[in-house]
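I have placed the structure first, in the form of structure tokens, so that the comments after it can refer back to it.
The values are calculated or read from the model by the stated rules, or taken from the named source; none is laboratory data. Predicted model only: the values in this text are computed from it and were never measured. FYI the Cβ positions are ideal-geometry reconstructions off the backbone, even for glycines, and counts take in every protein chain you see. Heads up: the accessible areas ignore ligands, DNA and RNA and are worked out on the full protein's heavy atoms, side chains in. Shrake-Rupley method; radii C 1.70, N 1.55, O 1.52, S 1.80 Å.
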Amino acid sequence: MDPRHARYPFLAAARESVREADIGLAGIVAGDERHPAVERGVERVRRALIDGTVRPDPDAGRRWNPRAELLSYPVARVLVSLLDAPGAVEKYASAEADTAYERFTDDFENPDDGLKSTEDKAISLDALLAEFDLASRVSETDDGDGYRVAVGRYLALSSDLDGESWRLAARQLADGTVKVSAAELHELLREAVRQRVAAGLPTTVPDEIREGLVDEVAELQDTFTEVDVSRDIDVLAPDCFPPCVASLVERARDGESLSDPAEFALVAFLTSANADTDELLALCGVDTNTREKAVGYRADRVGDESGAQYAPPSCETMAAYGECPVADDADPTDDPRCDAVAHPLEYYEAALADAERAGE
Ligand code: SF4
């Protein structure tokens, strides 16, 4: 198996190698034990939606072989198609593209550090341009300070990119081509990857595969779908936060670097509790540039543009993350309200109602 395909599973040749290996998805999802490709596919989608990357979780300490890595891509496409979560397909495609972008820009800079293994895995700019049918539509400028891209392809790749600078009116147009810098060409390639990954999603999933992935979809759904709270939560009241969130806020304020799932849980909760990005940052005592950017970015991504948003994880998931103080075996927190809820937002809703009654 070509290790390059494991790093860039959206390549046409990677798809072909899956076909040639004659590995059907139905066979992968069947069986009593979870196939490594399915395990990694679940991680791929979870990481994409929570962390904006599809790289393996560095904290999980698990290494995936190239075969599982490659096969996890079609599994992830199916999983994201089966998920009923707002914006999941778009977020997934962006995460695949962002990860590919990190890898190919790194490959362009370090095509060969003298190791054959590195050379085997790396992709060149020419190969990537050819992959997206851009080889004859992109050429280096005569003075070597950038590239010229055929205007039709430029428009197709830049139309969804943010920023005035991508508008054609802001560009030098000559002989049906648009001048771009090397960095901008890489951005266009990222967009080409995103478009390819998003194409055909959500896909139609045959029943036998859908049935084989019921547990995996439920696991992801539990993490991402909105909890059914009976009233709009439009008050930010830290005194009513459940013990899990109060603890996360305190740790963030103390400058602790939270794990990705813990940070997601905190940001998703605060966003659901009506905190805007500034309130969220203030509440967590975030003041350094780096951390502000990281958490602010996460907050923007967790909140969906349409107003829909990912709910924070359920109590069960919080306990599995080791982030539920009530389920802490060594030193459990006692909170009667926790006995009656299955989700931190339900706790918050009940606590707000109690506070409202007490103030009447
Ligand atoms: S039981 Fe639920 S709401 Fe209560 S602390 Fe644990 S995770 Fe939070």
The rounded separation in angstrom of the Cα centers of region 2-19 and region 43-57 is 19 Å
Comparing ILE233, ILE209, ILE123 in a Gaussian network model of the chain (Cα, 10 Å), the one with the largest mean-square fluctuation is ILE233
Computed, not fitted: 222 nm per-residue ellipticity of the chain from DSSP H runs ≥ 4 (each -39500 (n - 2.57)), nearest 500, equal to -16500 deg cm²/dmol
The ³J(HN,Hα) series, computed from each phi in region 134-142 with the Karplus coefficients 6.51, -1.76 and 1.60 at θ = phi - 60°, rounded to the nearest Hz and given as x for glycine or proline, is 10, 4, 8, 10, 10, 9, 6, 5, 4
Env charge @ GLU219, Cβ radius under 14 Å, K,R +1 / D,E -1, value -2
Quick shape summary for the chain, equivalent ellipsoid via Cα gyration tensor, semi-axes whole Å in descending order, reads 40, 26, 18
Taking the alpha-carbon centre of each part, the distance from region 312-351 to region 151-183 in Å is 50 Å
Counting only protein heavy atoms with a 1.4 Å probe and every protein chain in place, the carbon and sulfur fraction of the accessible surface of region 116-198 in whole percent equals 47 percent
HN-Hα couplings for region 162-177 via Karplus (6.51, -1.76, 1.60; θ = phi - 60°), in whole Hz with x for Gly/Pro, come out as 7, x, 4, 5, 7, 5, 4, 4, 8, 10, 7, 10, 8, 6, x, 10
Relative to the chain, whose Cα atoms define the longest principal axis, helix 289-302 and its Cα axis are tilted in degrees, nearest 10, by 90 degrees
Taking every alpha carbon pair in region 116-198 and sorting the distances into 10 angstrom bins from 0 up to the bin holding the longest one, the percent per bin comes out as 17, 51, 26, 6, 1
Of ALA13, ALA183, ALA169, the most mobile residue in a GNM of the chain (C-alpha springs, cutoff 10 Å) is ALA169
Residue-ordered couplings for region 204-217, obtained by feeding phi - 60° into the Karplus form 6.51 cos²θ - 1.76 cosθ + 1.60 and rounding to whole Hz (Gly and Pro as x), are 6, 10, x, 4, 5, 6, 4, 5, x, 10, 4, 5, 5, 5
